[in-house]
Amino acid sequence: MKILFATPECAPYVKTGGLGDVSAALPAMLANLGHDVHLLLPAYRGMKVSGEIGDGVELPAYGPWPAAQLVPVKAPNGVTLLLLACPALYQRAGGPYVDESGNDYADNALRFGLLARVAAQLGTVQSPLPGWTADVVHANDWPCALAPLYLAQARALPLQQPTAASVLTIHNLAFRGLFPMDAADLLGIPYHWRGIDGVEFWGQLSMLKAGLQFADAITTVSPSYAREIQTEAHGVGLDGMLRARADRLHGILNGIDTGIWNPATDPLLPHRYGRDSMQGKSLNKKALQVRSGLPTEGRAPLFAVVSRLTQQKGVDLVLGALPRLLAAGSQLVVLGQGEPALQEALTRAAQEYPRQIAVTLGFDEGLAHLIEAGADAFLMPSRFEPCGLNQLYSQAYGTPPIVAPVGGLRDSVTDATADPAHGTGFVMASPDAAGLDEALQRALRAWREPPQWRKLQVNGMARHFGWEDSAKAYLAVYEQAISAAL
Ligand code: ADP
């Protein structure tokens, strides 16, 4: 199958969250399963790619868009990267979506409109890449979500030619890609698709809604989240639309890239270890304590958070649980960045309890690995969680996670009390302060019983979190989308 995977971020080139990891691992696994996978990604500033660089293709200026170039790079993992080079839109200081002060770029509609438009073109007979047209265009999140609409538009042309099927994956429904409706002119969205049955969302244009309307199949990153987003409580105003398309909506749990996240081979760890040789984990705990400026106390349970610091991630719940953690003599290591109020509250707590709490603000891949390996338990009390990756890494690293009963967290962690034989962590009874407090008490009790704790660690480390099964589930969805598009 010829698959175009369109994404605004892809590790290790550019990553702000889970989508970056998925974009690295899923296309590589699809290529490994024998498919022809091209990955379309904007060429942001400072991005370093390795591989065999092919001849660039010129994309002429069109409507509001300046001329651009498509540069194919054959990556070592079997995927062909298609770098969308348009310096005026993508070569900037700041991240993929926001400037250096954290504000959305004012021209995001154009920036990601181009990404979606080129993705769609690669699925038509007018494909800019000589000799290559996708069978399926897999668009990810709002930045690519106009691609299904553009494909539907191409299908509707007189003398229509067959086009690729379209699949949209929702990695986080909370980001709806909202713009003033004026942007519809710039983006070339036909008038008859600007209403409630098209892209309109409470008077604005929602790129994500366009994808939900027009994609031949929709997926999201866990079965529980697929159900939750069809309810008013978690549907952020799109639940009605998702219920209407429920027959096209699939929940497929993310895997992890075991080439990168494996404690036995992880080059970012000072000490490697496995299920049968856990000494390395205690040494990593010491290394983490030293790096964090905490006393190298082996018996103090070391809890950890690696996360965007937002309400979604329940960081305020972690702050609320500090009295319980401190009273139990625990240590807490936090790595993250995000909402200023949460950053400040965490920094204050670390100043007040320097022997028990250490906070690092920023994005640090190496420290994230050391934390997964060196911590005893991982905290993830998210209010909602489409899939979540850190609870998967935690289990693979023998660091039992304490998680909220939502989305992918509930789908990937087995509660130690409910199922002592297979437990891999602690699932809160409710996604709130009381739920976290109760789960922490259970975790602290288990920590004081080393054989019980060891069982939890071993159960987690024995789990298979690789991508192969999920990649096959995506292939089945692609097949369905192709039949639906005929
Ligand atoms: P989300 O995509 O909602 O942010 P996920 O758990 O799906 O959450 O994925 C987050 C990814 O980003 C993980 O790979 C995690 O290790 C990484 N990450 C998050 N914050 C940081 C940080 N401050 N430093 C390093 N890695 C981080």
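Tabulated data for the structure shown
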{"read-out": "Dipole of the chain, positive end: most advanced residue of PRO148, GLN126, PRO42 [Cβ charges, Cα centre]", "value": "PRO42"}
{"read-out": "Shape call, segment 279-462: gyration tensor on alpha carbons, a/c limit 1.5", "value": "rounded"}
{"read-out": "Cβ-placed point charges (K, R +1; D, E -1), dipole of the chain about Cα centre in debye, nearest 20", "value": "940"}
{"read-out": "Sulfur and carbon atoms: percent of accessible area, segment 154-216 [1.4 Å]", "value": "62"}
{"read-out": "Shape of segment 132-235, Cα gyration tensor, a/c cut at 1.5", "value": "oblate"}
{"read-out": "Residue-span extension gain [PHE363 to SER277] - 0.36 nm each, minus C-alpha spacing", "value": "28.0 nm"}
{"read-out": "Amide H contacts of ALA304 (H built 1.01 Å from N, under 5 Å, at least 5 apart or other chain)", "value": "VAL333, ALA377, PHE378, LEU379"}
{"read-out": "Helical mean residue ellipticity (222 nm; -39500 (n - 2.57) per DSSP H run of 4+; nearest 500) of the chain", "value": "-10500 deg cm²/dmol"}
{"read-out": "Solvent-accessible area per residue, Å², over the chain with all protein chains present [probe radius 1.4 Å]", "value": "40"}
{"read-out": "Mean projection area, nm², convex hull over Cα of the chain", "value": "21.9"}
{"read-out": "Mean-position separation - Cα centroids, segment 185-217 and segment 70-143, in angstrom", "value": "20"}
{"read-out": "Potential lengthening between ARG324 and GLN161 on full extension [0.36 nm per residue; Cα-Cα distance subtracted]", "value": "52.3 nm"}
{"read-out": "Karplus (6.51, -1.76, 1.60) ³J(HN,Hα), θ = phi - 60°, over segment 323-338, in Hz, Gly and Pro reported as x", "value": "x, 4, 5, 5, 4, 7, x, 7, 10, 9, 10, 10, 10, x, 8, x"}
{"read-out": "Theoretical FRET efficiency, 1/(1+(r/R0)^6), r = Cβ-Cβ of LYS472 and TRP132, R0 22 Å, to 0.05", "value": "0.40"}
{"read-out": "For GLU100, net neighbour charge (Lys/Arg +1, Asp/Glu -1) across residues whose Cβ lies under 15 Å away", "value": "0"}
{"read-out": "Karplus 3J(HN,Hα) series, Hz, for segment 340-351 with 6.51 cos²θ - 1.76 cosθ + 1.60 (x for Gly, Pro)", "value": "x, 4, 6, 4, 5, 4, 5, 4, 4, 4, 5, 5"}
{"read-out": "Range of Cα positions in segment 115-174 per principal axis (Å), largest first", "value": "38, 23, 16"}
{"read-out": "Low-density loop cleavage sites - GluC sites (Glu not before Pro) in segment 32-111, where at most 14 other Cβ are within 10 Å (DSSP)", "value": "GLU100"}
{"read-out": "Beta bridges by DSSP in the chain, antiparallel share as percent, to the nearest 5", "value": "30"}
{"read-out": "Calculated FRET value between ALA433 and VAL98, using beta carbons and R₀ = 35 Å, to 0.05", "value": "0.70"}
{"read-out": "Computed label-point distance, nm, for sites HIS422 and TYR191 using a 7 Å Cα→Cβ extension", "value": "5.8"}
{"read-out": "³J(HN,Hα) computed for each position of segment 173-183 - Karplus, 6.51 cos²θ - 1.76 cosθ + 1.60, integer Hz, glycine/proline x", "value": "5, 5, 9, 9, x, 8, 9, x, 4, 3, 4"}
{"read-out": "Over segment 279-462, relative contact order from alpha-carbon pairs under 8 Å, at least 6 apart, %", "value": "20"}
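The values are calculated or read from the model by the stated rules, or taken from the named source; none is laboratory data. As the structure is a prediction and not an experimental result, all values here were calculated from the model. With ideal geometry, Cβ positions are generated from the backbone for all residues, glycine too; neighbour counts draw on all protein chains shown. Note: areas computed on protein heavy atoms with side chains; ligands, DNA, RNA excluded. Shrake-Rupley method; radii C 1.70, N 1.55, O 1.52, S 1.80 Å.
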